[in-house]
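The values are calculated or read from the model by the stated rules, or taken from the named source; none is laboratory data. In this text, all values refer to a predicted model and were calculated from it rather than measured experimentally. Glycine also receives a Cβ, built like all others from the backbone with ideal geometry; neighbour counts cover every protein chain displayed. Just so you know, the surface numbers come from the protein's heavy atoms only, side chains and all, with ligands and any DNA or RNA stripped out. Shrake-Rupley method; radii C 1.70, N 1.55, O 1.52, S 1.80 Å.
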Amino acid sequence: MTEERFGEFVLVRRHGAGGAGGAGHVAELALDRPKAMNAVSTDMARSIAAACTALGADRDVRVVVLTSTHERAFCVGADLKERNSFSDADLVRQRPVARGAYTGVLELPVPTIAAVHGFALGGGFELALSCDVIVADGTAVVGLPEVSVGVIPGGGGTQLLPRRVGAARAAELIFTARRVEAAEARELGLVDVLVEDGRDREEALAMGSRMAANSPVGLRAAKRALRLGHGLDLRAGLEVEDAAWRATAFSGDRAEGVAAFNEKRKAEWPGE
């Protein structure tokens, strides 16, 4: 495993040594501001965006797992202590930096998995919602409480949550600002996989390894089709799917995948 730091508060770990299996192609983006329960400051937001830019451009990365180094929290959202000192002009200047963190995760071109334990509130939950799959343990507490401090979910929450749970359920959760514990969160679809306490990171990395064993061309194309096709009418969505299929059908990965299947061996993906 190798490690690389982006600023003071973001750590990227590359797991395994690569090869035919998936482990070497899983990157872990760890939120690492334990003294503030990973509250997202301006510097931390800038680092998240920078890490996502680097990971998205790295063709060796097939899956990104978003984790936390804090024992009791995934991320408690925006750094309100920092915000308390802001003038209106400061807040305006910070806005594109903050947005860059959330869109950085959302626009990663590879599958993304959030490993959530403890508090994932406000912007913290929005970082998780920006991922394709959310794995949570029994200690997880999620929610979008922004209206209780006079703002709205501004990291994608008003758009991502209704896409998960429907407009009425999202409205109830956002308007009440209530916190939802793990069991109910799984029942409502706020998280996707519920695991034993303390196993969220382990299970998310294992899922990432299973994903990363597959074709990198196929993974990126499938994610593109899922994201671009969501919300379109069926006919338009099928056109998006066809374009993504064409991007894979004549690739080296497709040729290798078919050959490996017929030769009853593991594929050695060229990634192109």
From the list GLY271, GLY208, which one is open to solvent by less than 30 Å² (accessible area, probe 1.4 Å), in a helix (DSSP H, G or I) and either farther than 26 Å from LEU161 by Cα or assigned by the TED database to the domain that holds VAL110 (or both)?
-> GLY208
GLY18 vs (1) in contact with a His (Cβ under 9 Å, 6 or more places away or on another chain); (2) closer than 27 Å to ALA182 by Cα; (3) at pLDDT below 95: all pass except (2)
Of the numbered conditions (1) over 13 Å from ILE134 (Cα atoms); (2) in contact with a strand residue (DSSP E or B) (Cβ under 6 Å, 6 or more places away or on another chain); (3) open to solvent by 30 Å² or more (accessible area, probe 1.4 Å), ASP233 fails exactly one; give the number of that condition.
-> (2)
Report yes if VAL240 is modelled with pLDDT of 95 or more and farther than 25 Å from ASP60 by Cβ, otherwise no.
-> yes
Residue under evaluation THR139, criteria (1) of a type in the set (S, T, N, Q); (2) more than 25 Å from HIS15 (Cα to Cα); (3) without any contact (Cβ under 8 Å) to a residue 40 or more places away in the chain, criterion not met | (3)
For LEU194, are the conditions met, namely being under 17 Å from the mean Cα position of the chain (by Cα), closer than 17 Å to SER130 by Cα and surrounded by 13 or more Cβ atoms within 10 Å (Cβ to Cβ)?
-> no
Does VAL147 satisfy the condition of being free of Cβ contacts under 8 Å to residues at least 40 places away in the same chain, of a type in the set (A, V, I, L, M), open to solvent by less than 30 Å² (accessible area, probe 1.4 Å) and over 14 Å from TYR102 (Cβ atoms)?
-> no
Does GLY218 meet the test of being touching a strand residue (DSSP E or B) at 6+ places or on another chain (Cβ under 8 Å) and closer than 24 Å to HIS25 by Cα?
-> no
Can you tell me which residues in segment 78-105 are of a type in the set (Lys, Arg) and modelled with pLDDT of 95 or more?
-> ARG93, ARG95, ARG99
Filter segment 243-268 for residues that are in contact with an Asp or Glu (Cβ under 7 Å, 6 or more places away or on another chain) and touching a residue at least 60 places away in the same chain (Cβ under 8 Å); the one that is surrounded by the fewest Cβ atoms within 10 Å (Cβ to Cβ) is GLU268
